[in-house]
Amino acid sequence: MSDAQSLLLLDDDDVFASRMARALEARGFEVTRAGTVEAALQAARLDSPECALIDLRLPDGHGLDVVAALHAIDATTRIVVLTGYGAIATAVESLKRGAADYLTKPVDADQVATALRGSGADAGMLREFTVPSLARVEWEHIQRVLTECQGNVSYAARVLGLHRRSLQRKLSKFPVQR
């Protein structure tokens, strides 16, 4: 695979990262995985990747800082930000810091490969970024708060200002599609 593009994949979700790495390798990328900000930056300093797929929420930092650091290491690295908690503000900020594209999970490998191989014409453009529905934003917010409360439904309900049973009903529903 001498013509394979080098790709740095930074995501702390090991199952997702393993699957995405295999899928992208099958699409012609030479993938280097990292699970932390420090590991990603160390790998990039050793051998600057042609492409990078960066998750926003990481255990030891924030993906936006990685975007800026990778851009400082090599301005030609094509960086795609990937997050489960999409927001227009973080999309705009990631582009300001040097990302070429912004994708929200769930996403398939074909979408990622297309974004990573994007032409210079669409660099820095928000392709097909749709504003999520209010119900979707509410569901994502509840999931973030629940994660921050370490899965404690009673505590999350207090933080959200909801009755515990109301929160449990909302949690029992499937995520609202965009």
Subject >> Condition check for L58: in contact with an Asp or Glu (Cβ under 7 Å, 6 or more places away or on another chain) and either modelled with pLDDT of 90 or more or of a type in the set (A, V, I, L, M) (or both) >> reply: yes
**OP:** Any residue in region 1-24 that's exposed (fewer than 15 other Cβ atoms within 10 Å of the Cβ): show its pairings with residues that are at pLDDT 90 or above and among the hydrophobic types (A, V, I, L, M, F, W, C) at Cβ separation under 7 Å, as long as the two are six or more apart or on different chains.
**Re:** A4/F29
Original post:
Do you know which residues across region 130-153 are in a helix (DSSP H, G or I) and either of a type in the set (D, E, K, R) or at pLDDT 80 or above (or both)?
Top reply: R136, E138, E140, H141, I142, Q143, R144, V145, L146, T147, E148, V153
Original post:
Does R45 satisfy the condition of being assigned by TED's automatic domain parsing to the domain that holds D74 and without any contact (Cβ under 8 Å) to a residue 40 or more places away in the chain?
Top reply: yes
**OP:** Check region 106-118 and report whether any residue there is more than 16 Å from the chain's Cα centre (by Cα), closer than 25 Å to D3 by Cα and at pLDDT 85 or above.
**Re:** yes
**OP:** Those residues that are outside any loop (DSSP other than H, G, I, E, B), among the hydroxyl-bearing types (S, T, Y) and over 15 Å from the mean Cα position of the chain (by Cα), I need them from region 1-58; list them, please.
**Re:** S6, T32
Original post:
Looking at region 72-90, which of its residues are surrounded by fewer than 19 Cβ atoms within 10 Å (Cβ to Cβ) and either modelled with pLDDT of 80 or more or part of a loop (DSSP other than H, G, I, E, B) (or both)?
Top reply: A72, I73, D74, A75, T76, G84, Y85, A87
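The values are calculated or read from the model by the stated rules, or taken from the named source; none is laboratory data. As the structure is a computational prediction, the values presented were derived from the model and not from experiment. Note that we place each Cβ from the backbone using ideal geometry, even for glycine, and neighbour counts take in every protein chain shown.
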